[in-house]
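A.B. asks: Could you have a look at this structure, given as structure tokens, before my questions?
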Amino acid sequence: MGRLSFSTTESARLLLLAVFGVLTLSVVLAEQEGENLSGLSNNPDKAIFAVRENGTTCLMVEFAVRFLVPYDVLALNGIDLITEQAAFTLPRGAEIEGKCGSTESEIHITWKNNAYTLRIYFSKELREKGIEVWKISKVQFVYDTSETSHFINAYNPGKHTASTHHLSALVTPAGQSYVCSAQQTLTLISSDHQKGITVSMYDVQIQPFDIASDFMFSEPYKCITDQRERLEETLPIILGFILALIIIITVTVYHFHLKLTAVQPQLPRDRSMYKNM
């Protein structure tokens with residue numbers, strides 16, 4: 001009888017531990033939350049989103065996003081279909097969810113009562129010579145053509161999902177944030193008759209891993225386009241400086257040359273004149 005009592009006590013303890021573990025896990029998961037910080041930006045088109053885990057920022061995204069989505073409308077004859085284009089931007093008041101991991105992270109941005117959802121997936125990988133980088137490995141966009149503020153008289157309206165395939169974008173050294181003012185364009189293939197959806201991002205700064213300070217991006221890694229544009233801006237200045245330096249050197253050398261070759265006293269050619277000197 002005592003043995004049965006011991007077994008029951010142990011079972012109760014195990015049950016309590018299991019319940020405590022589930023509750024603890026739920027609290028940990030609940031502490032992973034998204035925050036909309038778009039109010040900190042002076043740019044009305046730019047949104048700032050962060051994902052925090054256990055009170056610490058683990059993913060940050062700052063960008064402006066423009067969407068170009070083709071959809072079908074019925075022609076005036078009531079038979080043919082015409083393709084229209086819906087153009088709109090990512091609103092600053094969107095809702096945020098996300099997940100952070102050591103090698104995989106993601107952010108989900110939703111607006112208009114779940115009519116639109118943009119999902120961005122990040123991953124880390126080792127490249128040649130053991131260099132660790134992170135990249136965008138997948139982008140997915142869910143949209144509802146029954147949402148009439150952007151889709152006017154859509155034929156057979158409903159939800160569709162557009163995704164990238166074999167994506168490796170914004171490759172950045174680990175521990176750094178990706179920065180790019182220039183437009184970055186991605187093409188997603190939609191479940192709506194394989195239509196091509198264009199997602200354009202600009203004024204971008206993103207970091208999905210290794211954020212050292214809360215709400216602060218790490219050292220920026222500038223995109224090649226920005227580096228090239230900066231070189232194009234500074235190259236004329238550098239060339240102008242070199243040209244000015246050459247002109248100054250040339251004028252200085254010429255000035256010294258004139259001094260050295262100035263008119264000097266003429267010595268008499270007739271040697272008999274030396275006697276009178």
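The values are calculated or read from the model by the stated rules, or taken from the named source; none is laboratory data. The shown structure was predicted, so the numbers you read here are calculated from the model rather than taken from an experiment. Counting neighbours? That spans all protein chains shown, and the Cβs are built from the backbone with ideal geometry, glycine included. Note: accessible area is taken over every heavy atom of the protein model, side chains too, but ligands, DNA and RNA are not part of it. Shrake-Rupley method; radii C 1.70, N 1.55, O 1.52, S 1.80 Å.
A.B. asks: Looking at THR110, THR145, which one is hydroxyl-bearing (Ser, Thr, Tyr), closer than 30 Å to ALA75 by Cα and in contact with a Phe, Trp or Tyr (Cβ under 8 Å, 6 or more places away or on another chain)?
C.D. replies: The match here is THR145.
A.B. asks: Which of the residues belonging to region 89-103 are assigned to a strand (DSSP E or B) and either open to solvent by 70 Å² or more (accessible area, probe 1.4 Å) or β-branched (Val, Ile, Thr) (or both)?
C.D. replies: Listed by number, the residues that qualify are THR89, GLU95, ILE96, GLU97, LYS99.
A.B. asks: Do the conditions hold for ILE48, that is, is it outside any loop (DSSP other than H, G, I, E, B) and without any contact (Cβ under 8 Å) to a residue 12 or more places away in the chain?
C.D. replies: Against the criterion (outside any loop (DSSP other than H, G, I, E, B) and without any contact (Cβ under 8 Å) to a residue 12 or more places away in the chain), ILE48 does not qualify.
A.B. asks: Confirm whether GLU106 is assigned to a strand (DSSP E or B), over 15 Å from the mean Cα position of the chain (by Cα) and charged (D, E, K, R). Steps first, please.
C.D. replies: Details: assigned to a strand (DSSP E or B): yes; over 15 Å from the mean Cα position of the chain (by Cα): no; charged (D, E, K, R): yes.
No; evaluated as a whole, the condition is false for this residue.
A.B. asks: Now for a separate question. Name the residue, out of ALA50, ALA86, ALA75, that is surrounded by fewer than 15 Cβ atoms within 10 Å (Cβ to Cβ), of a type in the set (A, V, I, L, M, F, W, C) and either in contact with a Cys (Cβ under 9 Å, 6 or more places away or on another chain) or within 20 Å of THR145 (Cα to Cα) (or both).
C.D. replies: Of the residues listed, the single one that is surrounded by fewer than 15 Cβ atoms within 10 Å (Cβ to Cβ), of a type in the set (A, V, I, L, M, F, W, C) and either in contact with a Cys (Cβ under 9 Å, 6 or more places away or on another chain) or within 20 Å of THR145 (Cα to Cα) (or both) is ALA75.
A.B. asks: Which ones in region 217-229 are modelled with pLDDT of 95 or more and either among the hydrophobic types (A, V, I, L, M, F, W, C) or open to solvent by less than 40 Å² (accessible area, probe 1.4 Å) (or both)?
C.D. replies: PHE217, SER218
A.B. asks: Any idea which of (1) more than 25 Å from PHE122 (Cβ to Cβ); (2) touching a residue at least 60 places away in the same chain (Cβ under 8 Å) is the one GLN85 doesn't satisfy?
C.D. replies: It is condition (2) that GLN85 fails.
A.B. asks: Looking at (1) open to solvent by 30 Å² or more (accessible area, probe 1.4 Å); (2) touching a residue at least 24 places away in the same chain (Cβ under 8 Å), which is the only condition TRP134 fails?
C.D. replies: (1) is the only condition that TRP134 fails.
A.B. asks: Among the residues of region 144-160, how many are of a type in the set (Val, Ile, Thr) and touching a residue at least 24 places away in the same chain (Cβ under 8 Å)?
C.D. replies: The first filter runs over region 144-160 and keeps only residues of a type in the set (Val, Ile, Thr), leaving 145, 148, 152.
Going one step further and asking which of them are touching a residue at least 24 places away in the same chain (Cβ under 8 Å), we end up with 145, 152.
Residues that pass the stated criteria total 2.
A.B. asks: Contact list please: Cβ distance under 7 Å, first residue in region 55-75 and farther than 17 Å from ALA154 by Cα and outside any strand (DSSP E or B), second residue of a type in the set (D, E, K, R) and open to solvent by 10 Å² or more (accessible area, probe 1.4 Å), pairs at least six apart or on different chains.
C.D. replies: GLY55/GLU31
A.B. asks: Which ones in region 180-191 are open to solvent by 30 Å² or more (accessible area, probe 1.4 Å) and not polar (S, T, N, Q)?
C.D. replies: Within region 180-191, the subset open to solvent by 30 Å² or more (accessible area, probe 1.4 Å) is 181, 183-185, 187, 189, 191.
Of everything in region 180-191, just one residue is open to solvent by 30 Å² or more (accessible area, probe 1.4 Å) and not polar (S, T, N, Q), namely ILE189.
A.B. asks: Checking GLY55 against (1) at pLDDT below 95; (2) on the phi < 0 side of the Ramachandran plot, which single condition isn't satisfied?
C.D. replies: (2)
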